[in-house]
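Written out below as structure tokens is the structure these notes cover.
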Amino acid sequence: MPRPIYRRAATLDEATALLAEHGSDAAVLSGGQSLIPMMSAGLAAPDVLIDINSVEDSGALEETDGGLRIATGVRHRALEWPSGAVAAKAPAVPRAAPFISHPAVRNRGTFVGSVAHADPSAEWPAVAVALDATITLRRHDGQRTVPAEEFFVGPMTTVREPEELLSEIHLPTATPGSVAAVLELAYRSGDYAIVGVVAQARIDDGRITDPRVALFGVDAVPRRAHEAERILTEGGLAAVEDAAAAARDAADPQTDATASRGYRLEMIRVYVERAIRQCAPAVS
Ligand SMILES: Cc1cc2nc3c(=O)[nH]c(=O)nc-3n(C[C@H](O)[C@H](O)[C@H](O)COP(=O)(O)OP(=O)(O)OC[C@H]3O[C@@H](n4cnc5c(N)ncnc54)[C@H](O)[C@@H]3O)c2cc1C
């Protein structure tokens with residue numbers, strides 16, 4: 001197999017110019033933790049690799065008035081141990097990061113690269129959907145922003161056009177006082193989830209404000225459990241069993257080598273209920 005041509009972009013403009021030139025013949029190289037294994041396995045064979053690791057300010061994890069701005073080079077590791085202010089804006093983020101593989105992968109892989117890769121069993125796409133992230137798709141002659149729920153269209157498939165670069169992702173600030181839980185059923189530590197749940201909510205005296213529930217590992221894309229959220233908003237913690245059942249009823253998992261459809265459905269109910277209960281402050 002011929003080796004791809006390697007191009008290193010120093011700016012986002014350089015990267016988008018290269019994408020305009022090479023389009024679907026090119027692949028963006030971010031942390032390389034999915035792209036390089038896919039190339040090794042013969043599942044990806046780009047003619048041109050556009051390395052964005054040297055793009056200036058690519059490691060920026062910035063607090064904005066409305067939330068957090070995550071630039072292309074922010075590694076999983078940086079989100080595992082963020083500042084208290086960052087964690088308060090997006091409590092689900094530091095909860096999710098430790099589930100991503102092992103430290104070596106977390107040291108190199110990036111949040112934006114994971115969202116671009118769109119593995120339905122991955123943690124960051126589900127966090128993005130749960131928290132109403134917006135994804136900026138930049139091209140040489142403009143840009144657009146896409147809500148996370150509209151970004152993912154299938155396994156490893158998104159609305160990104162070949163000449164577009166994910167240039168940043170914005171997470172809106174969580175309702176103050178929100179607590180998050182991320183739970184996964186996996187057979188071994190570091191494996192992809194068989195069933196995964198991202199939950200975030202503010203819970204006071206059993207009342208629930210701004211509940212977020214998203215599932216991963218169970219469908220072709222990460223799915224928001226909107227009906228479960230509605231039940232929690234109206235019924236509070238007393239309605240958590242109904243909400244978990246609603247999340248299960250809205251899901252459409254498949255049987256695969258790791259789990260049957262029936263087992264996944266039952267585990268969705270169990271893990272959603274657990275995750276919501278974990279968002280409630282401990283009663284002393
Ligand atoms: C052993 C192992 C275990 C893993 N376990 C997990 C796990 O449990 N959970 C999990 O979520 N992930 C897991 N991963 C994957 C890891 O999280 C990757 O880091 C992540 O999927 C991709 O991020 P990256 O920065 O490494 O992207 P890359 O591998 O560089 O790129 C991935 C894809 O996205 C495209 N891309 C990257 N950045 C952009 C951009 N800015 N604009 C447009 N396209 C872009 C690339 O062209 C490529 O197609 C694992 C990886 C390994 C090797």
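The values are calculated or read from the model by the stated rules, or taken from the named source; none is laboratory data. In this text the structure is predicted, and so the values were computed from the model without any measurement. When we count neighbours, we look across all protein chains shown, and the Cβ atoms used for this are built from the backbone with ideal geometry, even at glycine. The protein model used for the area step is the full one, side chains on, heavy atoms only, and it has no ligands, DNA or RNA in it. Shrake-Rupley method; radii C 1.70, N 1.55, O 1.52, S 1.80 Å.
What number comes out for the charge environment of residue 236, summing +1 per Lys or Arg and -1 per Asp or Glu over other residues with Cβ under 10 Å away?
Net charge around residue 236: -2.
The reciprocal of the average 1/r between distinct C-alpha atoms defines the Kirkwood hydrodynamic radius, which for the chain equals 19.3 Å. Measuring with a 1.4 angstrom probe and ignoring ligands and nucleic acids, residue 207 comes out at about 150 Å² accessible. Applying the Karplus relation 6.51 cos²θ - 1.76 cosθ + 1.60 with θ = phi - 60° to region 69-84 yields 3J(HN,Hα) values of 10, 10, 7, 4, x, 6, 7, 3, 4, 5, 8, 7, 10, x, 5, x Hz, where x marks Gly and Pro. For region 7-18, backbone phi angles converted through the Karplus equation (6.51, -1.76, 1.60; θ = phi - 60°) give residue-by-residue couplings of 10, 9, 9, 8, 9, 5, 4, 5, 5, 6, 5, 5 Hz, Gly and Pro being listed as x. Calculated from the alpha-carbon coordinates, region 230-284 shows an Rg and a Dmax of 12.9, 43 Å respectively. Across the alpha-carbon set of region 37-189, the Rg to Rh ratio works out to 0.95, Rh being the Kirkwood radius. When Rg and the Kirkwood radius Rh are both evaluated on Cα atoms of region 1-119, their ratio Rg/Rh stands at 1.00.
Say a paramagnetic label sat at a point 7 Å from the Cα of residue 257, along Cα to Cβ; which residues of region 142-160 have their backbone N under 19 Å from it? Counting only backbone N, you get 155-156. All other residues whose Cβ lies under 11 angstrom from that of residue 95 are scored, Lys and Arg at +1 and Asp and Glu at -1, for a net of -3. When DSSP beta bridges are restricted to pairs lying wholly in region 1-156, around 60% turn out antiparallel. Using a simple spin-label model with pseudo-atoms 7 Å out from Cα toward Cβ, residue 41 and residue 204 lie 4.8 nm apart. Taking a sphere under 11 Å around the Cβ of residue 16 and counting the other residues whose Cβ falls inside, with K and R at +1 and D and E at -1, yields a net charge of -4. Amide hydrogen proximity for residue 119: with H placed 1.01 Å from N in the peptide plane, the residues at 5 or more positions away or on another chain lying under 5 Å are 156. Counting only Cα atoms, region 131-268 measures 52, 41, 26 Å along its principal axes, largest extent leading.
According to the Cα gyration tensor, what semi-axes, each the square root of 5 times an eigenvalue, does the equivalent ellipsoid of region 98-164 have, listed from largest to smallest in whole Å?
Numbers: eigenvalues 94, 38, 23 Å².
Listed largest to smallest, the semi-axes of region 98-164 are 22, 14, 11 Å.
Of the solvent-accessible surface of region 189-284, computed with a 1.4 Å probe and all protein chains present, 48% belongs to carbon and sulfur.
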